[in-house]
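In what follows, a structure is listed as structure tokens, so that the remarks can point back to it.
The values are calculated or read from the model by the stated rules, or taken from the named source; none is laboratory data. This structure is a prediction, so every number in the text was calculated from the model and none was measured. Here the Cβ is made from the backbone with ideal geometry for all residues, glycine too, and neighbour counts use every protein chain on show.
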Amino acid sequence: MTTRISAFGRLADGRTVSRIVLGSPPGPVLHLLDLGATAHRLEVTGSDGMRRNVLLGHASPADYLASTDYIGGTIGRYANRIAAGRFAIDGKPVSVGAHDRGNHLHGGPDGFDRRLWEIAEHSHEHVVLELLSPDGDQGFPGNLRARATYSVDAGGVRILLEATTDATTVVNLTSHAYFNLDGEDAGAVDEHLLQVSAEEYLPVDPTGIPLGGCVPVAGTPFDFRQPTHVGPSVRSGHEQVAWARGIDHNFALDAGSAPAAVLESPRSGISLRVLTDQPGLQVYTGNFLDGGRRSSTGRLLRQGDGIALEPQLFPDTPNRPEFGSAVLRRGESYRSSITWLLGRS
Ligand code: GLA
């Protein structure tokens, strides 16, 4: 069988946005868009036998482009924040713009989630999307070739994000999928159980920039070492939660942790296990969804309607050598692997 590719809509300049469907029932079925290499829809069977779409999405290319919620997109060149949009590479200052409360966020105002990726390869179960980000794109140096491979089998979805460059740059790619395991339009995920394999998380200032280093989650609303309801944590009066209006924080994944996180809905019986080779997991509880945008079925997306589990480097790594390195040099390959294993309780 061949992959099913159809038109999802058009951009203002007339270019067609394609939808690529991977997998087949009763297994997971993923709908991807070449616009933003976006995970648009993921159909899964619950323990009640019902098929549900467990990903938030929008209905049209225009809706995706009007949104600043990064729904389902592949984020690049640099996921998360870079303080004041400034850093240095080999001692040379780089400025990438600061469009989010004084900081750089998710690759810039015209990040990879807004680009039309090229469909390089496809089958019934997988697709390879490619993007050339030219030297100077959003301020980042080097011609960067990015590649996103999405594969679907009976167990779930595997995402491989890769990049190469012709000049030294920084890279941090991720998937910004928002999950609601009761279905896209089911309302807030408060009753979902979340488990994150992290003894520590990274406190941030009110603009999302790390204050210092990681601190223990023990005794805080960030303690998800055991399966814990999302609702009480996002409503706690903790200063970190208050500043972010919920959880919007990097968890320092325990070394060798597999899975990095488990999300489960007792209602649908659907469980999601997230595996990754990245050191951090940004957990974002849809704090800025404010009813200003519509879901793919036309309903309003409101705060907490989905939760994003974004494997990546720690925020502001280009300015924080103690967090590791985000640098990619000519001849090197960047590689990040994300797996969503789907199951039933
Ligand atoms: C990330 C950020 C959030 C927010 C969302 C999109 O998860 O950490 O602060 O910008 O993306 O709205």
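Values as computed for the structure displayed
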read-out	value
Any chance Arg115 is closer than 21 Å to Leu309 by Cα, over 13 Å from the mean Cα position of the chain (by Cα) and either at pLDDT 95 or above or within 13 Å of the ligand (Cβ to nearest atom) (or both)	no
Filter pass, Arg299 being farther than 24 Å from Leu181 by Cβ and more than 20 Å from the chain's Cα centre (by Cα)	no
Residues of the stretch 230-257 classified as in contact (Cβ under 8 Å) with a residue 60 or more places away in the chain, within 16 Å of the ligand (Cβ to nearest atom) and either in contact with a Lys or Arg (Cβ under 6 Å, 6 or more places away or on another chain) or under 13 Å from Leu281 (Cβ atoms) (or both), total	2
Counted residues, the stretch 89-104 - those being within 16 Å of the ligand (Cβ to nearest atom) and touching a residue at least 60 places away in the same chain (Cβ under 8 Å)	4
Meets criteria (closer than 29 Å to Thr285 by Cα and assigned to a strand (DSSP E or B)) for Val157	yes
Number of positions in the stretch 289-301 that are loosely packed, with under 15 Cβ neighbours inside 10 Å and within 15 Å of the ligand (Cβ to nearest atom)	3
Residue ID - nearest to Pro26 (Cα to Cα), chosen from residues in the stretch 45-83 that are in contact with an Asp or Glu (Cβ under 6 Å, 6 or more places away or on another chain) and away from the ligand (no atom under 15 Å from the Cβ)	Arg51
Whichever residue in the stretch 327-345 is surrounded by fewer than 16 Cβ atoms within 10 Å (Cβ to Cβ) and of a type outside the set (Gly, Ala, Ser) and, among such residues, is nearest to the chain's Cα centre (by Cα)	Arg335
Filter result (farther than 23 Å from Pro26 by Cβ and either among the charged types (D, E, K, R) or surrounded by fewer than 24 Cβ atoms within 10 Å (Cβ to Cβ) (or both)) within the stretch 177-200	Gly187, Ala188, Asp190, Glu191, Leu193, Leu194, Gln195, Ser197, Glu199, Glu200
Residue that is surrounded by the fewest Cβ atoms within 10 Å (Cβ to Cβ) [pool: residues in the stretch 206-229 that are over 28 Å from Asp182 (Cα atoms) and free of Cβ contacts under 8 Å to residues at least 12 places away in the same chain]	Gly219
Residue match in the stretch 311-324 (condition: crowded, with 17+ Cβ neighbours inside 10 Å, within 16 Å of the ligand (Cβ to nearest atom) and under 21 Å from Val29 (Cβ atoms))	no
Segments classed as strands (runs of 3 or more DSSP E), wholly inside the stretch 57-153, with at least 3 members that are surrounded by 17 or more Cβ atoms within 10 Å (Cβ to Cβ)	86-89, 126-133, 144-153
Residue match in the stretch 259-273 (condition: at positive phi, crowded, with 21+ Cβ neighbours inside 10 Å and touching a helix residue (DSSP H, G or I) at 6+ places or on another chain (Cβ under 9 Å))	no
Flag if Arg86 is modelled with pLDDT of 95 or more, touching a helix residue (DSSP H, G or I) at 6+ places or on another chain (Cβ under 9 Å), away from the ligand (no atom under 15 Å from the Cβ) and basic (Lys, Arg)	yes
Criterion (small (Gly, Ala, Ser), more than 30 Å from Asp153 (Cβ to Cβ), within 16 Å of the chain's Cα centre (by Cα) and at pLDDT 95 or above) met by exactly one of Gly304, Gly324, Gly280	Gly304
Every residue from the stretch 26-38 that is among the small types (Gly, Ala, Ser), away from the ligand (no atom under 15 Å from the Cβ) and closer than 29 Å to Leu328 by Cβ	Ala37
Set Arg52, Arg115: member being basic (Lys, Arg) and within 25 Å of Thr285 (Cβ to Cβ)	Arg52
